[in-house]
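What follows is a single structure, written as structure tokens, with notes after it.
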Amino acid sequence: MQMLIPRDALRYDFLMDAILAVAALDMAHELGADAPSRYGRAALEYYDHALRSLHAELGRGIDQENYLAVFIGSLMIGAISVHAPKYSRDAADKSMTALETTYLLFDMMKGNQSVVVTCLGYIVKGPIRMDAWDPVGPLHLLDEGTKSAMARLRRLNDQAHPDSVSGDQDGGYADILSQEPHTAYRSAIKYLEDIYARDMDGKIKAACIAWPGFSGPYFMTAIRRSEPLALLILMHWAVLMHRLGRDTWWAEGQDLVDEITAMFRSSQLSPSDELKASINWAREQSDLPPLR
């Protein structure tokens with residue numbers, strides 16, 4: 001990968017521009033500029049060029065030649081979209097909540113759902129080994145606490161959609177695009193569990209940034225509707241972002257966990273023991289005190 005991505009960046013402008021945008025954002029962060037710096041402005045320019053160039057490439061289609069560049073470029077552009085607004089001249093962008101910032105990432109990835117599925121079709125058959133995107137991940141590496149947390153999410157999904165449980169079969173990558181609630185949530189949990197395993201494995205850093213692309217369009221709509229199960233699953237993803245944030249400046253999850261907790265507290269929902277256990281697991285993993 002260390003050889004292939006730079007090689008592809010020389011062939012595809014959108015990937016080169018995405019790399020330069022990340023580098024510029026890193027410089028802007030290191031300088032600690034409150035106002036848009038020259039690096040922040042450069043990041044926005046590279047981001048805009050990358051976005052337009054990627055759209056043009058998608059118009060030509062995904063094939064055996066460009067699938068890796070499109071896949072990596074899409075993920076990078078999605079990550080950049082979370083942080084680019086803070087360097088815009090619009091001061092209102094700087095006061096976004098953690099959930100609103102998350103919407104930006106998910107909205108960016110929403111248009112890439114079919115792109116991700118198409119690229120995965122090439123990746124799993126291609127010569128490049130990218131185990132992080134293989135649905136059969138190293139689940140044996142998961143600790144008991146994480147296994148219990150994922151099993152609890154599945155039970156809550158089954159309880160919320162009892163009529164769908166018996167006939168719902170695993171459809172593989174196609175489930176990402178499902179509009180059936182139980183299937184969509186089951187798929188989102190499945191890939192979240194896989195990303196947790198990749199986090200434990202440690203071979204691919206920042207794998208969690210890819211999960212929004214695996215969560216599916218139904219899930220993305222559900223978090224905007226503040227559906228409790230969607231928010232609960234999102235909290236568990238935020239745990240991984242919090243862990244990543246210990247080593248990188250651009251990842252943060254603790255505020256998102258705390259914000260979603262507040263939404264549950266202010267809702268009319270009477271939390272079950274399982275729901276409360278799920279919230280507390282996410283809070284404890286994010287270095288927050290549990291609910292009383």
Of the numbered conditions (1) surrounded by fewer than 21 Cβ atoms within 10 Å (Cβ to Cβ); (2) touching an Asp or Glu at 6+ places or on another chain (Cβ under 8 Å), ARG225 fails exactly one; give the number of that condition. (2)
For VAL124, indicate whether it is crowded, with 19+ Cβ neighbours inside 10 Å and modelled with pLDDT under 85. no
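Out of ILE189, ILE209, which single residue is under 15 Å from the mean Cα position of the chain (by Cα), modelled with pLDDT of 90 or more and crowded, with 17+ Cβ neighbours inside 10 Å? Break it down into steps so the answer makes sense when it comes.
Numbers: ILE209 fails: modelled with pLDDT of 90 or more.
Of ILE189, ILE209, the one residue that is under 15 Å from the mean Cα position of the chain (by Cα), modelled with pLDDT of 90 or more and crowded, with 17+ Cβ neighbours inside 10 Å is ILE189.
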Restricting the search to the stretch 247-285, which residues are more than 16 Å from HIS236 (Cβ to Cβ) and among the hydroxyl-bearing types (Ser, Thr, Tyr)? THR248, SER266, SER267, SER270, SER272
On the given criteria, is TRP237 under 17 Å from the mean Cα position of the chain (by Cα) and among the aromatic types (Phe, Trp, Tyr)? yes
Is it true that some residue in the stretch 5-21 is at pLDDT below 90 and small (Gly, Ala, Ser)? no
Here the qualifying pairs (Cβ atoms under 8 Å; residues six or more apart or on different chains; first in the stretch 1-29 and farther than 18 Å from ALA56 by Cα; second surrounded by fewer than 22 Cβ atoms within 10 Å (Cβ to Cβ) and among the polar types (S, T, N, Q)) come out as ALA28/SER37
Just name the residue that is nearest to PRO6 (Cα to Cα) out of those in the stretch 66-94 that are modelled with pLDDT of 85 or more and part of a helix (DSSP H, G or I). ALA69
Scan THR97, THR101 and give me the residue that is within 14 Å of the chain's Cα centre (by Cα), β-branched (Val, Ile, Thr) and at pLDDT 80 or above. THR101
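Looking at ASP63, ASP26, ASP34, ASP48, can you tell me which residue is modelled with pLDDT of 75 or more and part of a loop (DSSP other than H, G, I, E, B)? So that I can check it myself, show each step before the final result.
Values: ASP26 fails: part of a loop (DSSP other than H, G, I, E, B); ASP34 fails: modelled with pLDDT of 75 or more; ASP48 fails: part of a loop (DSSP other than H, G, I, E, B).
Answer to the check: ASP63.
The values are calculated or read from the model by the stated rules, or taken from the named source; none is laboratory data. Computed from a prediction, not measured in an experiment: that's the story for all the values here. A quick note on method: Cβ atoms are made from the backbone with ideal geometry, for glycine too, and the neighbour counts reach across all protein chains shown.
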